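The next block holds one structure in the form of structure tokens; read it before the comments.
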Amino acid sequence: MMEAQSQTEPTPKTSGAHKQLCEAALYVSGRPLDIKTIGSIIGARSEEKIKSLVRAISERYGKSESPIQVLELPDGRFVMQLKPEFAKHVRKLSNRPLLTPGPLRTLSFIALRQPIAQSRVIAVRGKLAYQHVKQLKEMDLISYEKLGRSKTLRTTTTFADYFNLNHDPAIMKKELKNILELKDESTGLTTSASGSSLTEQS
């Protein structure tokens, strides 16, 4: 008679362990995560359960004095990030590529008017915008498709995740208009009081 192999069955994860995994996923990703992605990490399928867990984490951070916050975005994704009042002081330490004012203004111009012809961007932002577009493309913040002798520019999902914005262009533009105040087209955008990372720092 063969002796049965003893196997240790995995024990179900507790609610506390699920919360820890949720928090770990949000921390490591550095970008907004949707419910499906979080569920795949913690081994849960119920959207309500997943939302409840992440909202509990968000509430805990909200009640603490931590500089970190967990936000639920309008499209249902969740993101862990620094509170704006702290981000502006430590942004230079970020390991993400930072944009100088010129490319940042060009990116903002494209984001608010997309899809937009590259020729229009150059006409408004000047010839230096050619280099800006190249840099933004290399960072995967914008994409383009050929339109005759020019190109049509638009932002990418990487851009949306980078700045914690909605993936839907129409909603994204509304979010941008809430954090940026428009100036005349020749100068692009000015800094708003919100302190968003898309605004130019003086």
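The values are calculated or read from the model by the stated rules, or taken from the named source; none is laboratory data. Every value quoted in this text rests on a predicted model; they were computed, and no experiment measured them. For neighbour counting, all protein chains shown are included, and Cβ atoms are generated from backbone atoms with ideal geometry for every residue, glycine included. Accessible surface is based on the protein model in full, side chains and every heavy atom, while ligands, DNA and RNA are left aside. Shrake-Rupley method; radii C 1.70, N 1.55, O 1.52, S 1.80 Å.
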By average C-beta atoms within 10 angstrom, highest first, the peptides 138-148, 104-114:
104-114, 138-148
Taking a threshold of 31 Å on the Cα-Cα distance, which of the pairs Lys83/Lys173; Lys36/Lys174; Lys83/Lys146 fall above it?
Lys83/Lys146
If I compute solvent accessible area with a 1.4 Å probe over the protein chains, what percent of it on the stretch 40-87 is carbon and sulfur?
52
Under the Karplus relation 6.51 cos²θ - 1.76 cosθ + 1.60, θ = phi - 60°, what is the ordered set of whole-Hz ³J(HN,Hα) values for the stretch 24-36, x standing for Gly and Pro?
5, 5, 5, 5, 6, 5, x, 8, x, 10, 8, 4, 4
For a quick check: with amide H placed at 1.01 Å from N, whose amide H comes under 5 Å from Lys151's, ignoring anything fewer than 5 positions away on the same chain?
Gln118, Ser119
The stretch 107-121 - phi-based ³J(HN,Hα) in whole Hz, Karplus 6.51/-1.76/1.60, Gly and Pro as x
4, 4, 4, 5, 4, 7, 10, 5, x, 9, 5, 4, 4, 5, 4
Got a sec to turn the phi values of the stretch 62-69 into Karplus ³J(HN,Hα) couplings, 6.51 cos²θ - 1.76 cosθ + 1.60 with θ = phi - 60°, whole Hz, x for Gly and Pro?
x, 8, 8, 9, 5, x, 8, 9
Note, Leu33: beta-carbon cut-off 10 Å, +1 each Lys/Arg, -1 each Asp/Glu, net +1
